[in-house]
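Participant: Take this structure, written in structure tokens, and hold onto it; I'll ask about it next.
Every number in this text was worked out from the coordinates using simple rules, so none of it is lab data. Computed from a predicted model, the values in this text were never measured in an experiment. Positions of Cβ are backbone-derived with ideal geometry, glycine not excepted, and every protein chain shown enters the neighbour counts.
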């Protein structure tokens, strides 16, 4: 491995932990989904990211694949009232989405950093 290499797995782990993909200690976000311009610990420029709609699609994909089998099992085995299922599963889906969305954005930013995409190609 050369000094120019950026290992992807540690960067992804750091992104999922909402930390800087380079050092793993600095905060990745200054607000709920606002990526900091530079890492407060290592000084890595992070303003190059282009996450766009990727994190939202990943979140929808994960929440859907997790919740659909659970909804099916609950409906088939317990047959709760429709309003109970609607309120319960809507609450769970919203909470899970709010939890996963920043982590998916951290994942996308970390992959872009590790693969030197969108301006992250500069040696730093």
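Participant: Considering the values [x] 37, 14, 11; [y] 20, 17, 15; [z] 30, 20, 11, which represents semi-axes √(5λ) of the Cα gyration tensor in Å as calculated for the structure under consideration?
Facilitator: [x]
Participant: Give me the number: length gained by fully extending residue 61 to residue 42, i.e. 0.36 nm times residue separation minus the C-alpha to C-alpha distance, one decimal in nm.
Facilitator: Residue separation times 0.36 nm, minus the Cα-Cα distance, leaves 3.5 nm.
Participant: So what is the relative contact order of the chain, in percent, for Cα pairs below 8 Å that sit 6 or more residues apart?
Facilitator: 38 percent
Participant: Next question, about the same structure. Modelled label-to-label distance, residue 53 and residue 74, 7 Å Cα→beta-carbon offset: nm?
Facilitator: 2.8 nm
Participant: Compute a Gaussian network model of the chain, connecting alpha carbons closer than 10 Å, and tell me which residue from 55, 102, 80 fluctuates the most.
Facilitator: Taking springs between Cα atoms under 10 Å, the residue moving most is 80.
Participant: When the chain is fully extended, how far beyond the present Cα-Cα distance does residue 34 get from residue 85, taking 0.36 nm per residue of separation?
Facilitator: Once the chain is fully extended between residue 34 and residue 85, it gains 15.0 nm.
Participant: I'd like to compare 109-115, 70-76, 44-50, 18-24: which one has the highest average count of other Cβ atoms within 10 Å, and what's the full order after that?
Facilitator: Details: 109-115: 22.3, 70-76: 11.7, 44-50: 16.6, 18-24: 20.6.
So the order, starting with the most tightly packed, is 109-115, 18-24, 44-50, 70-76.
Participant: On to the next question. Give the shape of the stretch 1-62 as rounded, prolate or oblate, defined through the alpha-carbon gyration tensor: a ≥ b ≥ c are the square roots of its eigenvalues, a/c under 1.5 means rounded, and otherwise the shape is prolate if a/b is larger than b/c and oblate if not. Could the numbers behind the result be given before it?
Facilitator: On the way: a/c = 1.91, a/b = 1.31, b/c = 1.45.
Oblate, because a/c is 1.5 or more while a/b does not exceed b/c.
Participant: On a full-extension model of 0.36 nm per residue, what is the gain between residue 98 and residue 6, subtracting their alpha-carbon distance, rounded to one decimal in nm?
Facilitator: Here the segment from residue 98 to residue 6 would lengthen by 30.2 nm.
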